[in-house]
1. Checking the conditions here, which among Y169, Y186 is aromatic (F, W, Y), in contact with a Cys (Cβ under 6 Å, 6 or more places away or on another chain) and either modelled with pLDDT under 90 or surrounded by 14 or more Cβ atoms within 10 Å (Cβ to Cβ) (or both)?
2. Is there any pair with a first residue in the range 358-380 that is assigned by TED's automatic domain parsing to the domain that holds R452 and a second that is in a helix (DSSP H, G or I) whose Cβ atoms are under 7 Å apart and which are 6 or more apart or on different chains, and what are they?
3. Is it the case that some residue within the range 76-87 is more than 30 Å from Y322 (Cβ to Cβ), of a type in the set (V, I, T) and either surrounded by fewer than 16 Cβ atoms within 10 Å (Cβ to Cβ) or touching a residue at least 24 places away in the same chain (Cβ under 8 Å) (or both)?
4. If you check D44 against the conditions, is it acidic (D, E), under 23 Å from R207 (Cβ atoms) and without any contact (Cβ under 8 Å) to a residue 40 or more places away in the chain?
5. Restricting the first residue to the range 414-432 and requiring it to be at positive phi, which pairs with a second residue that is among the aromatic types (F, W, Y) meet a Cβ separation below 9 Å and a spacing of at least six or different chains?
6. Looking at G158 and the list (1) surrounded by 20 or more Cβ atoms within 10 Å (Cβ to Cβ); (2) under 16 Å from L33 (Cβ atoms), which single condition is not satisfied?
7. Of the residues S41, S67, S71, which is surrounded by 15 or more Cβ atoms within 10 Å (Cβ to Cβ) and more than 24 Å from the chain's Cα centre (by Cα)?
8. Anything in the range 274-304 that is among the aromatic types (F, W, Y) and touching a Gly at 6+ places or on another chain (Cβ under 8 Å)? List them, or say none.
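The values are calculated or read from the model by the stated rules, or taken from the named source; none is laboratory data. The model shown is predicted, which means the values in this text are computed figures rather than measured ones. Quick reminder, even Gly has a Cβ in these numbers, built from the backbone with ideal geometry, and neighbours come from all protein chains shown.
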Amino acid sequence: MKRNHIIDTIIDNGLVPPASAVIVGVSGGPDSLCLLHALNSIADMYDLMLVPVHINHLIRPEAYDESMHLSDICDRMDLDLRIYEASCKDLAKELGISVEEAGRQVRYQIFDEVAQELEENGVPADKIVIAIAHNADDQAETVLFRLIRGTGPHGLAGIPAVRMSEAGYLIVRPLLEIERKDIEAYIRENKLRPNIDKSNDENTYARNRIRNELIPYLEKNYNPKIKDNLRRYASLAYMDDSLLRDIAIADYISCVDVNGENEEAVLDITQIKDNPPSINSRIVSMLFDLLRLEACATYENVSAVTGLIYGERPSAGIDLPYGIRARREYDKIIFSTEEEVIKPDDSIAIYPRVMMAKDFVPDEDVPYAAFDFDAFSKEYPGRIGDIELRTRREGDYLPMRRGKKKIQDLLVDEKVKRNARDSILMVCIDSEVLWVLPSSHFAGERERAKGRFSPKFHITEATKRVLLIELDETI
């Protein structure tokens with residue numbers, strides 16, 4: 001294996017443990033292609049299973065060609081590329097956030113879904129790593145971007161080299177100490193042909209303007225080492241912030257309670273009212289992370305919530321982004337949403353039918369569920385007519401590969417808002433759920449497109465008859 005600075009750095013920083021299953025986020029650009037190629041170079045030596053994942057955000061027409069080009073590259077590396085599609089513009093419009101932020105949410109959500117799939121297939125959770133290709137230049141740009149936007153010390157600590165994903169998997173950034181010029185040199189040296197996103201040269205987005213205009217201006221007119229200084233500042237801020245967060249986390253654990261049923265987070269301020277603001281502001285920042293408001297943890301928003309802790313009024317409230325309201329009720333601050341209850345779509349019906357397996361050719365453009373009819377009949381003989389489409393009831397559960405999951409728990413895990421949970425339609429027999437229909441209220445792209453299926457009566461090569469359940473929207 002030919003060694004160089006980048007490969008040595010990946011080995012030395014130890015962010016990718018031996019014998020890991022590594023989910024590599026790959027856009028096909030220089031950074032991610034460099035990371036994938038470098039990891040592939042050491043995969044045999046360190047017994048790594050690489051799982052490259054590419055997300056087409058459906059923004060640029062050329063993205064389809066780029067996906068195919070990246071797939072060819074992975075084929076030459078003897079790697080199976082997983083390609084996902086997600087409309088970031090639609091998600092941004094739905095959530096009232098920027099396209100960039102929507103893209104970030106989609107990416108990490110899909111990485112978690114792939115990790116969960118690997119775990120379901122027998123890979124231990126502590127052996128799963130999600131590798132992202134942020135580099136040293138990204139770090140400097142991020143610190144400057146957050147400073148301009150208005151953030152606290154936690155934001156100025158920059159991009160962490162290691163953190164946990166929302167689903168509890170390890171996220172690492174092995175190239176965070178590598179400068180962009182070294183990555184470009186690696187690309188040339190190894191004769192790689194990355195995708196080039198021309199939109200990176202356009203100054204439509206604030207981050208692009210910082211990269212293409214502001215930093216070059218600062219380097220030319222103020223300090224040619226501005227990026228080094230920004231990275232150094234991030235490192236120092238990270239050390240100080242980590243210490244204060246370690247102190248704050250003990251109070252956070254003891255004074256924060258989450259009610260999944262009511263979609264509320266409750267902060268008990270009895271024990272923390274006398275804390276210094278440096279500690280309580282970090283407790284509030286952790287709450288923002290919990291509420292998926294990381295991008296909104298500006299100085300103004302954090303200070304507004306911290307003000308509720310120290311305020312004299314026992315009843316006060318403020319509005320936060322995404323329809324969340326923080327209201328103080330004596331010694332508690334409650335974070336919740338109050339929205340109109342969404343009703344189920346009563347225009348949908350189901351059409352169950354049985355066919356021979358050899359005749360099973362479903363329309364992939366129409367949502368459907370298919371099961372082994374003989375396996376179903378063995379447990380529910382003569383009861384195909386009892387299959388029904390309805391909303392949730394007490395005691396409903398979805399069979400899993402190991403055990404079963406309450407529908408209530410499933411909806412909470414999938415981040416379906418409380419006001420939408422009774423709109424989710426399910427195909428059931430008694431309390432057993434065969435198919436949770438797709439819904440725009442699910443957080444996961446797969447669930448939004450296809451729903452969730454019971455694995456209990458799955459089709460195999462031995463299946464002779466298929467129970468096909470299709471949707472009938474003609475009523």
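1. Y186
2. Once the first residue is assigned by TED's automatic domain parsing to the domain that holds R452 and sits in the range 358-380, its partners that are in a helix (DSSP H, G or I) give P367/K450.
3. No, there is no match, as no residue in the range 76-87 is more than 30 Å from Y322 (Cβ to Cβ), of a type in the set (V, I, T) and either surrounded by fewer than 16 Cβ atoms within 10 Å (Cβ to Cβ) or touching a residue at least 24 places away in the same chain (Cβ under 8 Å) (or both).
4. no
5. Hits for this filter: K415/F442; D430/Y380.
6. Going through the list (1) surrounded by 20 or more Cβ atoms within 10 Å (Cβ to Cβ); (2) under 16 Å from L33 (Cβ atoms), G158 breaks only (2).
7. None of the others qualify; the one that does is S41.
8. Matches in the range 274-304: Y299 only.
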